[in-house]
Structure formats: structure tokens, C-alpha cells
1. Collect the residues in the range 60-86 that are hydrophobic (A, V, I, L, M, F, W, C) and farther than 20 Å from MET29 by Cβ, keeping them in residue-number order.
2. Which residue pairs have Cβ atoms closer than 8 Å, lie 6 or more positions apart in sequence or on different chains, and pair a first residue in the range 42-69 that is in contact (Cβ under 8 Å) with a residue 12 or more places away in the chain and farther than 23 Å from TYR106 by Cα with a second residue that is of a type in the set (Gly, Ala, Ser) and part of a loop (DSSP other than H, G, I, E, B)?
3. Considering the range 46-87 alone, what residues qualify as being β-branched (Val, Ile, Thr) and either under 19 Å from VAL102 (Cα atoms) or at pLDDT below 95 (or both)?
4. Can you find, within the range 50-82, the residue that is surrounded by the most Cβ atoms within 10 Å (Cβ to Cβ) among those that are within 14 Å of the chain's Cα centre (by Cα) and of a type in the set (Val, Ile, Thr)?
5. Quick test for you: out of PRO92, PRO101, PRO23, PRO47, pick the one residue that is loosely packed, with under 13 Cβ neighbours inside 10 Å and not hydroxyl-bearing (Ser, Thr, Tyr).
6. Do we find that LEU28 is of a type outside the set (Val, Ile, Thr), surrounded by 13 or more Cβ atoms within 10 Å (Cβ to Cβ) and in contact (Cβ under 8 Å) with a residue 24 or more places away in the chain in this structure?
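The values are calculated or read from the model by the stated rules, or taken from the named source; none is laboratory data. Only a predicted model underlies this, so the values are computations on that prediction, with no experimental measurement involved. Cβ placement follows ideal geometry from the backbone for every residue including glycine, while neighbour counts extend to all protein chains displayed.
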Amino acid sequence: MPFIDIDSVKPLEVLPGCKMRTPYGENLMLSYLEMDEGAIVPMHHHPHEQGGMLLKGKLELTMGDEVRVVEAGAMFIIPPNTPHQAIAVDGPAVVLDVFSPVREDYAELYNKYIPVSDEES
């Protein structure tokens with residue numbers, strides 16, 4: 001699946017107001033996250049390194065003890081096991097996250113809801 005038409009991937013609502021699409025390869029996962037205004041990805045951490053770019057909107061982004069309001073074009077890197085949270089403020093937001101290695105929990109959700117044809121496996 002080297003080329004991905006994001007509009008052809010059915011979004012999964014993983015949290016209230018947060019819909020994601022998560023294509024992935026062997027060592028890297030993309031997560032196209034659409035957040036409604038006020039939607040919250042609550043404080044959490046995971047062993048995966050995470051990088052991202054805010055494509056649209058505005059986020060209140062917390063990493064560790066630091067809180068910033070970032071706008072479209074902002075990029076970030078979250079080291080493994082760092083507590084972080086995101087809140088869409090002043091309207092909806094769209095974020096492209098990248099995870100390495102692949103998040104097993106997201107991969108399981110993706111495989112559960114999006115069938116893989118014989119040609120893609």
C-alpha cells in the first residue's frame with residue numbers, strides 16, 4: 001500500500017470527537033487525526049516515538065510539564081514514554097502523527113475494521 005487515498009480509508013472514532021485513519025508499514029505508522037472543536041486526547045504515554053504536524057486549526061498541546069497553543073504548520077516530536085495531551089481549541093483541528101515503531105493498539109483497530117485484500121498482504 002505505498003500510495004494511500006486518505007478519503008478512501010474509513011475513519012474510526014477512537015475518542016469522542018476524534019476520528020483517525022492509521023495506515024502503516026513495517027516500522028512506521030501514520031495517523032491522520034481529525035478533532036472536533038473541544039475534543040480531547042487525554043494525557044497518556046506510550047513506548048513509541050511520535051512526531052507530528054498540525055495541518056489545520058489550533059491545538060493546546062501538553063508535553064510533560066510544558067503547555068503550548070500551536071497553530072497550523074507547527075511540528076512536534078514526543079519522546080517515548082513522555083506524558084502528552086491535545087485539545088482542539090477555537091474550532092476543529094487536523095493532525096498528521098507519525099509513530100515508530102508501529103503502535104500495536106492502533107494496528108489492531110485498523111485491521112479489525114479495514115479488510116486487507118490478498119493483493120495487499
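1. If the condition is that a residue be hydrophobic (A, V, I, L, M, F, W, C) and farther than 20 Å from MET29 by Cβ, then VAL67, VAL69, VAL70, ALA72, ALA74 are the ones that fit.
2. What qualifies is GLY57/ALA72; GLY57/GLY91; LYS58/ALA72; LYS58/GLY91.
3. To start, the set of residues in the range 46-87 that are β-branched (Val, Ile, Thr) comprises 62, 67, 69-70, 77-78, 82, 87.
Hits for the range 46-87 are ILE77, ILE78, THR82.
4. The qualifying residue surrounded by the most Cβ atoms within 10 Å (Cβ to Cβ) is ILE78.
5. PRO47
6. The answer is no for LEU28.
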